[in-house]
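All remarks here apply to the structure that follows.
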Amino acid sequence: MLIAIARFVINVVPEAMADSITRSLAAMTQRPRVSSFEQAAMAHASRMRYGENNKNVAWVWGDGPLVIFVHGWSGRAAQMAPLALHVANLGFRSVAIDVTGHGDSPKRHTRWDYFFRDIAVLSQSLHEEVYAYIGHSAGALSMMAARALKGIHAQRYACICAPSFPFPPINVIQKKLNPKESVVEHYKEFIAGQFETTWEELQAGCSYANAGSDTLLFYDETDRFVNHREGDKIQTICPGAQVVKTRAYSHQQILAAPELAQTLGAFLQKERLSP
């Protein structure tokens, strides 16, 4: 009902108001249900706090080299929990973040720069070198962008169903609200501003610059949200990056894919790169 009303309103109100409504609706997040499979993995985790006044939440499994997991937009740490537990059982310390507006962290909305900030703040609060970042969808794009924006660093980066630039929210807004083209262009500029660049640079894949053989790109050919060819595009930006594809899972179900767990384990256990 809200979307139907907004779809009408944004095409009759002044453009500045239409821009504001679009940004507000696009920022809203949902708390997805935690499956029994995810609950079982979460039962092995300990809870930690991070961020301003320690209001944000992350979850920890195991001991060893530090691996940080980043969920996608409207996701939650629990979605990464089975994979995080698997990695912990391989001898790593897995930490899965609930970004502001997600999971057990505060607020009901989010922004790209919340992702950048929270990834960096969590990383700094752990006071140790990060061996790997593993991200899903928007979380993967965010962690790769945060390298330049926030100075994070790791020896490995694994991107699961990652878009090469932040087009998914544009597609969602166009589908649900059908706004005027000028409103869409303003929203693109708003997103680009959070990445501290232009939309054209984002389209060119600037968030993945300077990545290479330290990067794993994992996709499913049946994913209807982020096309698997995004992996091929990113690989051209990151010479030496490994691309692996399955053909049996959705955008979300891929996180429980045994092929992903096996590939990721092998990727993390390779001889470590020099810092």
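Read-outs: derived from the displayed coordinates by stated rules, not from any lab. The shown structure was predicted, so the numbers you read here are calculated from the model rather than taken from an experiment. Don't worry about glycine lacking a Cβ; one is built from the backbone with ideal geometry, like all the others, and counts go over all protein chains shown.
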Ordered by packing density, taken as the mean number of other Cβ atoms within 10 Å over each peptide's residues, highest first, how do 119-128, 172-181 rank?
-> 119-128, 172-181
A chain fully extended from Arg47 to Asn11 at 0.36 nm per residue, minus the present Cα-Cα distance, gains in nm 8.5 nm
One-quarter of the Cα convex hull surface for region 63-136, in nm²?
-> 4.5
Relative to the longest principal Cα axis of the chain, at what angle does helix 258-268 sit, 0 to 90 degrees, rounded to 10?
-> 70
Could you work out the helix-only [θ] at 222 nm for the chain, with each DSSP H run of four or more residues adding -39,500 (n - 2.57) and the total divided by the number of residues, to the nearest 500 deg cm²/dmol?
-> -12500 deg cm²/dmol
Taking 0.36 nm per residue of separation and subtracting the Cα-Cα distance, what length does fully extending Lys270 through Ser125 add?
-> 49.5 nm
For helix 138-150, report the angle its Cα long axis makes with the longest principal axis of the Cα atoms of the chain; keep it between 0 and 90° and round to the nearest 10°.
-> 80
Between Lys176 and Lys55, Cβ-based FRET efficiency (R0 30 Å, step 0.05) works out to 0.50
Measure nothing but the geometry: give the 0 to 90° angle between the long axis through the Cα atoms of 112-125 and the longest principal axis through the Cα atoms of the chain, rounded to 10°.
-> 30
Stokes-Einstein D in µm²/s, Kirkwood radius over Cα pairs - the chain at 10 °C with 1.306 mPa s viscosity | 84
Convex hull around the C-alpha positions of region 104-255: the volume in Å³ per residue is 121
